[in-house]
Each structure stands twice: as C-alpha cells, then as structure tokens.
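A.B. asks: Before we start, here is the structure in question, set down as structure tokens.
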Ligand SMILES: Nc1ncnc2c1ncn2[C@@H]1O[C@H](COP(=O)(O)OP(=O)(O)OP(=O)(O)O)[C@@H](O)[C@H]1O
Ligand SMILES: [Mg+2]
C-alpha cells in the first residue's frame, strides 16, 4: 500500500451528499420540485399563457419577502412557457435580468439584448461599452424582428435596485411605439413592499395588469420543500428529525426557504467534515450557531482591534457571570487591559473605552444604562451585551486568527 492509499484521497467527499447541487444557491430546480406555490405558478402561468399562443402576455408585478420563491417560480414558469410555445409553433423568448447585478439602465438593457442574442443564436456582437441604453434596446427590437420572435418576456428581478424606469417604460411601449412587431411584456419582482408605492406613482397602469404577493412559508411548507430535496443526500444519511427541526427554525425566523435550504446544506457539510456518516440535529444546531458567528464576525470586521478587545472583555464577563446582565465600565476596562497587554499592545485610556462602549450601542451590540448607585454613591453607567456571549467570543477569536 502506498502512502497515498493510506492517506485516502485528498478529495474525500465523506459520503454525505449524493447531489449537493440540489442545495446550492442559484440552482433552479424543475417545476415539479416547487412545493406549495400552486396558485402563484398558476397566476404567472396565466399571465404568460397568451404569449405561448402568439397573443400579448400580461405584465405582472411580484412582491414578497426574501426567500419566498419569487425568482424561482417566475424563472420556472418562464422556462415552461418557452417549451409550451414551441409545441404551438410560436416563438417565445424570455430574458432574465437580475437588476442587483445590472443596476443601471444601460447595463440592464445590455443584458436583455445579450440574452436575447444568445437565445435566438444571433451571430451578433453586443458591444460592451460605448453605446447608450436606448441603443441596446434598439438592438433588442431589431433582433426580435430579424428572428421573427412572436413574444418576449423580460423578467426584471430585484427591480428596486434599478436606477431608472426607462427600460420598463420602453418594454411596455415597444409595440405601440412601432419599435417592434413582437408582443413584449415584463415581470417585475421586488422584495421591498415599500417599492410598490413608488412604482405605482411612476409607471403607467398598463404595467400593473397583475399584482401578486408571495407570503412567507409556514413550517409545513418548508418541510415539504426540504423533503423534496432529500435526494441531495446519500440514502439513510439524514436522521429523521433533521428536516422538521430545520423547517421549524426557519418558520420561526422569517419563513425564508433560502435560509432553510442553506441551514440543511451547512449541517450536511459539518457532518461531512466530521466524517460522522449521518446528519443529526446537533449538526443543525451547530450550523445555526456557525451562521450567527459568521454574521457577527462580518458586523465587527470593520471595527478596530480595541473595539474587539472591549467586546471580548464584556463577552467573557457575561459568560462567566450568568447571574449578572450588566457590568460597570471599570470592570470591563480591567479585563480589557489584561487582554490588550497579553497581546503586547498598549491599552487605551478608561475614558476612551467608556466612549467606545457607548458607541457600540449604536450597532445594537451593547446597551448602556445609567444606574443609580446606593446611598452615597453617584449614578454610573452599566453595559450589557445584547448577543449570545459564546457566539461573540467565537467570532472574535475567529477574526483574530484571520
Ligand atoms: N416552493 C418552493 N419549492 C422548492 N424550493 C423553493 C420554493 N421556494 C423557494 N425555494 C428555494 O428557496 C430558495 C429561495 O427562493 P427564491 O430565490 O425564489 O426566493 P425569492 O423570493 O426570490 O427571494 P429574494 O427576494 O431574496 O430574491 C431557492 O433556492 C429556491 O430554490
Ligand atoms: Mg429573488
């Protein structure tokens, strides 16, 4: 046996996942993997239906919180409409533009033109720069006529990120303005309900044929969504209480399917890393903690080492004194001083630390309150950590070692 055999493959995959792609962000599953959105699928189907037989599609605006399936359902139904149209001998094309990637009118218009050119197999270069948004739109209308496209649906996802309404306006007027013979429609998607008012004021009513709201998922729906992806794992790897647990946690938080799928994936990755062979609820708990640690680390990543030492001191005090919630500046300062000296650095003054602690309350990490001392004592300031101290300590250790 060689050393390499004994060591095993350096690409050991741990036998946990059979098809991890099913749990990855950006994966657009088939329509039959969509669970609990029958009405929404039907509504978008109804809006796009006419376009599959050569009639104008209806414009639709889709609202709903993050992770409620807006992008998924829209993309899947558009893909189905494309197939359906083909069986009817109708040319239906769609362009999916994620406006968070293409935030300016020019970039979004270019992306629309570029996708259409690819879909119709046009042998035509779409210039990257140097031409205006209106020129990209003209290229689009030209392509539609050149390739005799019967209908085009443009999905503008995260439309609230787009800097201007002109693209949307020209889509709604492409035919009536004589720019194209094709029926052109739009599906706009946003997770900002506030955007509704703004959009209503700025665009004409023809764009508001349909308005669709996606509600957050409940625990049962999340469970069904996750159950439908268990083939991401090898047989028998998932313990039976894992999915109910992930679903319950996600339902309690925001009914966000993306978060639920992410948690399940991260739990699987932890099991894989530990080589345990099964995914358990402990892996789920650890995955949730890890996600919180990562979020906290990101939050404090822009602060100075001194702020991190101050938070570290407060977190250690909080963890070591379960009966006490808040600590005086001086006590935090003493521990902070020790931590800084251990690192071989010079501590800041106590007054400066006091002010930094007050600032952290703006980040929602700590809270500072005046407390009246006993008789003969003046009032003093006490600071309380608003996060789980263990998570804070872990995140700060992690950011230190980075
Ligand atoms: N009904 C469902 N069935 C199966 N998977 C779903 C369902 N709804 C959402 N998902 C999955 O959850 C994730 C998030 O869904 P999606 O991207 O559609 O959310 P969204 O509403 O567009 O959120 P955002 O507003 O953040 O863009 C995706 O990975 C998607 O595949
Ligand atoms: Mg989306």
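A.B. asks: Using Cα-Cα distances under 8 Å and only pairs 6 or more residues apart, what relative contact order does the chain have, in percent?
C.D. replies: Once normalised by length, the contact order is 17 percent.
A.B. asks: If you don't mind, there's one more thing I want to ask. How far apart, in nm, are the 7 Å Cα→Cβ label points at residue 323 and residue 173?
C.D. replies: Output for this residue pair reads 7.4 nm.
A.B. asks: Follow-up. Where does the chain land on Rg(C-alpha)/(2.2 N^0.38 Å)?
C.D. replies: Compactness ratio reported: 1.28.
A.B. asks: For the chain, take the longest principal axis of its alpha carbons; what is the angle in degrees between that and the long axis of helix 281-300, to the nearest 10 within 0 to 90?
C.D. replies: So the inclination is approximately 90 degrees.
A.B. asks: Full extension from residue 282 to residue 358: what is 0.36 nm times the residue separation minus their Cα-Cα distance, to one decimal in nm?
C.D. replies: Extra length from residue 282 to residue 358 when fully extended: 23.7 nm.
A.B. asks: Roughly what angle does helix 389-401 make with the longest principal axis of the chain, taking Cα atoms, 0 to 90 degrees, to the nearest 10?
C.D. replies: 80
A.B. asks: Now for a separate question. Restricting everything to alpha-carbon atoms, can you work out Rg to Rh for region 37-214 with a Kirkwood hydrodynamic radius?
C.D. replies: 0.94
A.B. asks: Report Rg (one decimal) and Dmax (nearest whole number) for region 142-243, counting Cα atoms only, units Å.
C.D. replies: Calculated on Cα positions, Rg and Dmax stand at 20.3, 61 Å.
A.B. asks: Something else about it: Would you work out the relative contact order for region 37-214, in percent, from Cα pairs under 8 angstrom that are 6 or more residues apart?
C.D. replies: RCO, region 37-214: 34 percent.
A.B. asks: Can you give the extra length, in nm with one decimal, that the chain gains between residue 398 and residue 294 once fully stretched, where that is 0.36 nm per residue apart less the Cα-Cα distance?
C.D. replies: 36.5 nm
A.B. asks: Just for the chain, what percent of DSSP beta bridges are antiparallel, to the closest 5?
C.D. replies: That works out to approximately 30 percent antiparallel.
A.B. asks: Let me ask something else. Please compute the Cα-Cα pair-distance distribution of region 301-401 with 5 Å bins starting at 0, giving whole percents from short to long.
C.D. replies: So the P(r) values, bin by bin, are 2, 13, 25, 27, 19, 9, 3, 2, 0, 0.
A.B. asks: Hey, if you drop one equal point scatterer on each alpha-carbon of region 22-123 and run the Debye formula without solvent, what base-10 log of I(q)/I(0) do you get at q = 0.17, 0.18, 0.22 Å⁻¹?
C.D. replies: Taken in order of the listed q values, log10 I(q)/I(0) reads -0.92, -1.03, -1.38.
A.B. asks: Using only Cα atoms and rounding to the nearest 10 degrees, what angle (0 to 90) does helix 242-253 make with the longest principal axis of the chain?
C.D. replies: Rounded to the nearest ten degrees, it is 90.
A.B. asks: Also, quick follow-up: Stretch residue 165-residue 341 to full length: gain in nm at 0.36 nm per residue minus the Cα-Cα span?
C.D. replies: 57.7 nm
Rule-based calculations on the coordinates, nothing more; no lab input. These figures come from a predicted structure and were not determined experimentally. Because the Cβ atoms are built from the backbone with ideal geometry, glycine has one as well, and the counts that use them run over all protein chains shown.
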